[in-house]
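Beneath this line is the structure, given in structure tokens, with notes to follow.
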């Protein structure tokens, strides 16, 4: 069973063991790297599978101030990672499927959740799309590794997966 939970900045030890492959790090970073960043407006969250932390992500409440393609009532999903030992078992897809009701509960004023995913990161894009994100065709060209698809998930209470 997959669950999502808020993660305090003092809870590094809960997620310190989570690692992605070296090839994935340029896309999502590392857990220590995210904890070292000083980003006001970013909340940490943990993906739990059967009582164990297996993933990490941030919700950026100030996404629209960082990216001009985002609107003021949108939140951003950033740094999504599933531990390398969990990958390929459906954990990422289950986490993304659980995201809409989780975000609706924690961020009731947000209309959408927005993310960017690199155009060469086909596996991640597929997981996001299968979990309810929509690709509206826009590209963000300010990424470190090249162009990125802009994906949105509708968070209105009437939205369904």
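The values are calculated or read from the model by the stated rules, or taken from the named source; none is laboratory data. Keep in mind it's a predicted model, so treat the numbers as computed, not measured. All Cβ positions, glycine included, derive from the backbone under ideal geometry; neighbour counts span all protein chains shown.
I need the full set of residues from region 86-109 which are surrounded by fewer than 16 Cβ atoms within 10 Å (Cβ to Cβ) and either under 18 Å from residue 29 (Cβ atoms) or in contact (Cβ under 8 Å) with a residue 60 or more places away in the chain (or both), in order please.
106
Checking residue 144 against (1) surrounded by 15 or more Cβ atoms within 10 Å (Cβ to Cβ); (2) over 20 Å from residue 104 (Cα atoms), which single condition isn't satisfied?
(1)
Tally the residues that are surrounded by 15 or more Cβ atoms within 10 Å (Cβ to Cβ), closer than 11 Å to residue 84 by Cα and either out of contact with any helix residue (DSSP H, G or I) (no Cβ under 8 Å at 6 or more places or on another chain) or modelled with pLDDT under 95 (or both), restricting the search to region 15-31.
Total satisfying the criteria: 1.
Would you check if there is a residue in region 44-55 being without any contact (Cβ under 8 Å) to a residue 12 or more places away in the chain, at positive phi and outside any strand (DSSP E or B)? Spell out how you get there, then give the answer.
From region 44-55, those without any contact (Cβ under 8 Å) to a residue 12 or more places away in the chain are 51-52; that's our starting set.
From the residues that got through so far, the ones that are at positive phi too are 51.
Those still in the list that are outside any strand (DSSP E or B) too: 51.
Within region 44-55, one or more residues are without any contact (Cβ under 8 Å) to a residue 12 or more places away in the chain, at positive phi and outside any strand (DSSP E or B).
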